[in-house]
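Notes follow the structure.
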Amino acid sequence: MSKRFSTLDTTRLLFEHPNILFRMIERMDRNDARYIRESDLVSEVMDYSRNLGRADRERVRLAMNTDNLFRSGLIIDIIKAEGERRLVFQDALINLMRACNASLYQELTDARLRGHLVTLRDVRNRLETSSFSSADPDYTELRDDLNERVSQLIGLLRQNVLRMQTISAQLADLSGDASRAPEKYLEFRHNLFEQIVTLYERHIKPTLVFLNPDTRLPDGSNLFETLSVMVRLLEDHDDHSLADQIFRSSISLNALYKPIQAVAQEVEHFLRKTRRGMVQYNAMEHFFGQLRVLKDDTETLSLRRKWLEGSDFARANGFLVGLRSQPRPRHYAFGQSSSYYQLLFSELALRRNDLRRKAEIPVLQEVGGSGRGARIDVQRINQLYQWLETLDLRPTGDLVRELHGRLEGFIPGYRFPDLLAALNRLVNSPPEGMRVVTTNRFRILEPSTASDQFVYRKRRLEAASLDFTEE
């Protein structure tokens, strides 16, 4: 008697070594078939298990043996046709393997979508003649059938959305030859256009039409009209629980329209790309794929793998070199010390006093270029000096910048030489009880009304009674 595994052990081994069925499903989809040839399965198992240890190799080959798969119920039928054996696996197993790999999700075609719509219409017609009594087994079976079909439709559409959101990698594969054979770009673009148009017309557009609540179909109601009729029938017969459930399902289906619409826009944008744009697109998608692999490594059962192991990736890519040496953006935040708030409130009080004295602010006469007169200059400076005598000043570490801020925002006709005149006046005649200390540190001031820069020595305004050492 040959060794065999139970269904649980066989399934566990299949998921411990999923690449075997992943490749079989890819080949099945590529051939547009619903079966797997036994010769292909045997060849794939032998190639895969060749690099395993002896014990693992024996277990995999025994588990993936056709007789073991058939006895465990994972293969539901074996068809002999055209001199070969064709294996039909359980739909539940195939669908579960597809759920483990987003690239294996099948795009919904127009025929499959219309099949789901026709089924829901049939449920609606049966619901119109139903008794709506929980004691009627026909009605309870109809309820279960409705729940199952709506849930199945939502699951398929969500899988389809996830599959479409990985279309960037598919477009990169289709356009890979653009950077390798530039002399055949026109021919390549023609073939690429045909493939993408087929993808758009056969999969993306039918889904958009199916999920559009404004769609008008010649053979009857659309999806949302059908669900709306069923909700109304259930509410009229006081089955509010199921009515609310179907209504929430319709909202979920309606929310799937926008992500698929975004995919359609991405495809249309891709078709307008030039050869250089495709090369750049492929480069970004290539490195993004590497990051996705690093991210997938964190989605294991190991609780220690929470962060991307990206050190090798960063060293291998020139555009990331030196990224850590760049300074972080400086942020503005309130301080924690009492002196910080005293300084802030003092500044606000000074600015408020300036606003209150706005009527007293002198309007300095405009002076233009070298044609100014001595009388105008003297009058302008005298007006400025008179205003400075009434100006409230507090100790500051940078008198030049403080004066510039006070003058620029309040003196009409203010120009940069006015700052020099005001600074000269305060240096020679400082406010009572204060003194101006000139340091050997230089600062740069950029007036908003001029393109020049003013390099100046920093001056402190401090109380005369304090004894500061010069910086």
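Just to check your reading of the model, which residue among D47, D77 is out of contact with any Ser or Thr (no Cβ under 9 Å at 6 or more places or on another chain), in a helix (DSSP H, G or I), over 16 Å from L14 (Cβ atoms) and at pLDDT 90 or above?
Values: D77 fails: in a helix (DSSP H, G or I).
Checking each option against the conditions leaves just D47.
Out of curiosity, is R158 within 18 Å of A255 (Cβ to Cβ), out of contact with any Ser or Thr (no Cβ under 6 Å at 6 or more places or on another chain), surrounded by fewer than 17 Cβ atoms within 10 Å (Cβ to Cβ) and not β-branched (V, I, T)?
yes
For region 113-141, enumerate the residues that are under 41 Å from the mean Cα position of the chain (by Cα) and either more than 28 Å from P206 (Cα to Cα) or not polar (S, T, N, Q) (or both). Full working, then the answer.
Here is the first cut: in region 113-141, the ones under 41 Å from the mean Cα position of the chain (by Cα) are 113-124.
L113, R114, G115, H116, L117, V118, L120, R121, D122, V123, R124, listed by residue number.
Any chance region 42-51 includes a residue that's acidic (D, E) and touching a residue at least 40 places away in the same chain (Cβ under 8 Å)? Spell out the reasoning first.
First pass over region 42-51, keeping only residues acidic (D, E): 44, 47.
Now restrict to residues that are touching a residue at least 40 places away in the same chain (Cβ under 8 Å): none.
No, because not a single residue in region 42-51 is acidic (D, E) and touching a residue at least 40 places away in the same chain (Cβ under 8 Å).
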Which of (1) free of Cβ contacts under 8 Å to residues at least 60 places away in the same chain; (2) surrounded by 12 or more Cβ atoms within 10 Å (Cβ to Cβ); (3) under 19 Å from R149 (Cα atoms) does Q245 not meet, given it meets every other one?
-> (1)
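Quick check on region 50-74: of everything there that is part of a helix (DSSP H, G or I) and hydrophobic (A, V, I, L, M, F, W, C), which residue is most open to solvent (accessible area, probe 1.4 Å)? Don't jump to the end; show me each part of the working.
Within region 50-74, the subset part of a helix (DSSP H, G or I) is 54-63, 66-71.
When the remaining residues are screened for being hydrophobic (A, V, I, L, M, F, W, C), the result is 55, 60, 62-63, 69-70.
Details: A55: 59, V60: 6, L62: 65, A63: 2, L69: 0, F70: 100 Å².
Looking at residues that are part of a helix (DSSP H, G or I) and hydrophobic (A, V, I, L, M, F, W, C), I get F70.
Taking F15, is it assigned to a helix (DSSP H, G or I), touching a strand residue (DSSP E or B) at 6+ places or on another chain (Cβ under 7 Å) and among the aromatic types (F, W, Y)? Show your work before the answer.
Details: assigned to a helix (DSSP H, G or I): yes; touching a strand residue (DSSP E or B) at 6+ places or on another chain (Cβ under 7 Å): no; among the aromatic types (F, W, Y): yes.
Considered against the rule, which asks whether it is assigned to a helix (DSSP H, G or I), touching a strand residue (DSSP E or B) at 6+ places or on another chain (Cβ under 7 Å) and among the aromatic types (F, W, Y), F15 comes out as no.
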Being out of contact with any Lys or Arg (no Cβ under 9 Å at 6 or more places or on another chain), more than 18 Å from S228 (Cβ to Cβ), without any contact (Cβ under 8 Å) to a residue 24 or more places away in the chain and among the aliphatic types (A, V, I, L, M), is that true of even one residue in region 69-78?
-> yes
Within region 126-135, can you find the residues that are in contact with a helix residue (DSSP H, G or I) (Cβ under 9 Å, 6 or more places away or on another chain) and outside any helix (DSSP H, G or I)?
-> S130, S131, F132, S133, S134
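Rundown of residues vs (1) surrounded by 14 or more Cβ atoms within 10 Å (Cβ to Cβ); (2) over 42 Å from the mean Cα position of the chain (by Cα), yes/no style:
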| position | (1), (2) |
| --- | --- |
| F5 | yes, yes |
| L13 | yes, no |
| I25 | yes, no |
| R34 | no, no |
| S39 | no, yes |
| E82 | no, yes |
| R85 | yes, yes |
| F89 | yes, no |
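Taking L192, is it open to solvent by less than 20 Å² (accessible area, probe 1.4 Å), among the aliphatic types (A, V, I, L, M), at pLDDT below 85 and within 30 Å of the chain's Cα centre (by Cα)?
On the way: open to solvent by less than 20 Å² (accessible area, probe 1.4 Å): yes; among the aliphatic types (A, V, I, L, M): yes; at pLDDT below 85: yes; within 30 Å of the chain's Cα centre (by Cα): yes.
It is true that L192 is open to solvent by less than 20 Å² (accessible area, probe 1.4 Å), among the aliphatic types (A, V, I, L, M), at pLDDT below 85 and within 30 Å of the chain's Cα centre (by Cα).
Given the structure, is E235 at pLDDT 85 or above and either open to solvent by 30 Å² or more (accessible area, probe 1.4 Å) or of a type in the set (A, V, I, L, M) (or both)?
yes
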Among the listed residues V123, V161, which satisfies the condition of being modelled with pLDDT of 85 or more and either under 26 Å from I25 (Cβ atoms) or in a helix (DSSP H, G or I) (or both)?
-> V123
Could you please let me know if R126 is open to solvent by 50 Å² or more (accessible area, probe 1.4 Å) and of a type in the set (K, R)?
-> yes
Out of all the residues in region 208-224, which are under 33 Å from the mean Cα position of the chain (by Cα) and either buried (at least 17 other Cβ atoms within 10 Å of the Cβ) or not in a loop (DSSP other than H, G, I, E, B) (or both)?
-> L208, V209, F210, L211, N222, L223, F224
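Looking at region 35-50 only, could you name the residues that are under 13 Å from I20 (Cβ atoms) and out of contact with any strand residue (DSSP E or B) (no Cβ under 6 Å at 6 or more places or on another chain)?
Applying the first criterion (under 13 Å from I20 (Cβ atoms)) to region 35-50 yields 36, 40-50.
Hits for region 35-50 are D40, L41, V42, S43, E44, V45, M46, D47, Y48, S49, R50.
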Scope region 386-410; condition farther than 16 Å from V436 by Cβ and either of a type in the set (F, W, Y) or open to solvent by less than 20 Å² (accessible area, probe 1.4 Å) (or both); matching residues = W387, L407, F410
Taking only pairs six or more apart or across chains, which ones have beta-carbon atoms under 8 Å, a first residue in region 209-223 that is among the basic types (K, R), and a second residue that is part of a loop (DSSP other than H, G, I, E, B)?
-> R216/N222
Give the residue that is modelled with the highest pLDDT, with candidates limited to residues of region 263-278 that are open to solvent by 50 Å² or more (accessible area, probe 1.4 Å) and part of a helix (DSSP H, G or I).
-> Q265
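The values are calculated or read from the model by the stated rules, or taken from the named source; none is laboratory data. This structure is a prediction, so every number in the text was calculated from the model and none was measured. Please note: Cβ atoms are built from the backbone with ideal geometry, for glycine as well, and neighbour counts cover all protein chains shown. The accessibility values were calculated without ligands, DNA or RNA, using every heavy atom of the protein model including side chains. Shrake-Rupley method; radii C 1.70, N 1.55, O 1.52, S 1.80 Å.
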